[in-house]
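Here's the structure we're looking at; comments come further down.
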């Protein structure tokens, strides 16, 4: 038997004011995107803002449906919109913010497994990592690649 360790590097901030201007802008865009949340059942709102390499920002918000699980997470609405509208433009950074009854959560909300897997596939498709910023009211975490959120990525794409 061999014991192995997975090491994850990330930065943590106490507020967006500590971040570089481009990241602050993306955090603000994710907050703005959250206004588009349709969450009458869970009362949990999520906004996502995805900056593409050319500077374009694509927003997404969670969308629920009474026919659960027919809704979709904010992260995937943003990524799928970017993939459909800007298919050849790589992702640079994805910011995600969650709120409970319209109050931003103190700790950052973390993407579900389905969203992480979609992130992994887009990262693989573009051939280079993109950053993920998880936003809470008391702390913000910035990861440098999808592998840091999903270290044992399911990968059926050929390199």
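Tabulated values for the structure
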{"item": "Test: residue in segment 144-152 that is assigned to a strand (DSSP E or B) and in contact (Cβ under 8 Å) with a residue 24 or more places away in the chain", "result": "no"}
{"item": "Tabulated pairs, segment 99-126, first on the phi > 0 side of the Ramachandran plot and part of a loop (DSSP other than H, G, I, E, B), second surrounded by fewer than 14 Cβ atoms within 10 Å (Cβ to Cβ) and modelled with pLDDT of 95 or more, C-beta under 7 angstrom, 6+ apart or interchain", "result": "101/43"}
{"item": "Residues within segment 59-75 that are farther than 15 Å from residue 97 by Cβ and either part of a strand (DSSP E or B) or in contact with a helix residue (DSSP H, G or I) (Cβ under 9 Å, 6 or more places away or on another chain) (or both), tallied", "result": "2"}
{"item": "Hits in segment 18-50 - residues which are more than 21 Å from residue 112 (Cβ to Cβ) and in contact with a helix residue (DSSP H, G or I) (Cβ under 8 Å, 6 or more places away or on another chain)", "result": "19, 23, 24, 28"}
{"item": "Where a residue in segment 37-65 is on the phi > 0 side of the Ramachandran plot and its partner, wherever it lies, is part of a strand (DSSP E or B) and surrounded by fewer than 22 Cβ atoms within 10 Å (Cβ to Cβ), with Cβ under 9 Å and at least six apart", "result": "43/100; 55/92"}
{"item": "Enumeration of residues in segment 72-90 that are crowded, with 16+ Cβ neighbours inside 10 Å and free of Cβ contacts under 8 Å to residues at least 24 places away in the same chain", "result": "72"}
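Here is a yes/no grid of residues against (1) over 19 Å from residue 90 (Cβ atoms); (2) surrounded by 20 or more Cβ atoms within 10 Å (Cβ to Cβ); (3) more than 17 Å from the chain's Cα centre (by Cα):
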{"site": "21", "(1), (2), (3)": "yes, no, yes"}
{"site": "31", "(1), (2), (3)": "yes, no, no"}
{"site": "41", "(1), (2), (3)": "yes, no, yes"}
{"site": "44", "(1), (2), (3)": "yes, no, no"}
{"site": "55", "(1), (2), (3)": "no, no, no"}
{"site": "62", "(1), (2), (3)": "yes, yes, no"}
{"site": "69", "(1), (2), (3)": "yes, no, yes"}
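The values are calculated or read from the model by the stated rules, or taken from the named source; none is laboratory data. Please read these numbers as outputs of a predicted model, since none were measured by experiment. Ideal geometry is used to build each Cβ from the backbone, glycine not excepted, and the neighbour counts take in all protein chains shown.
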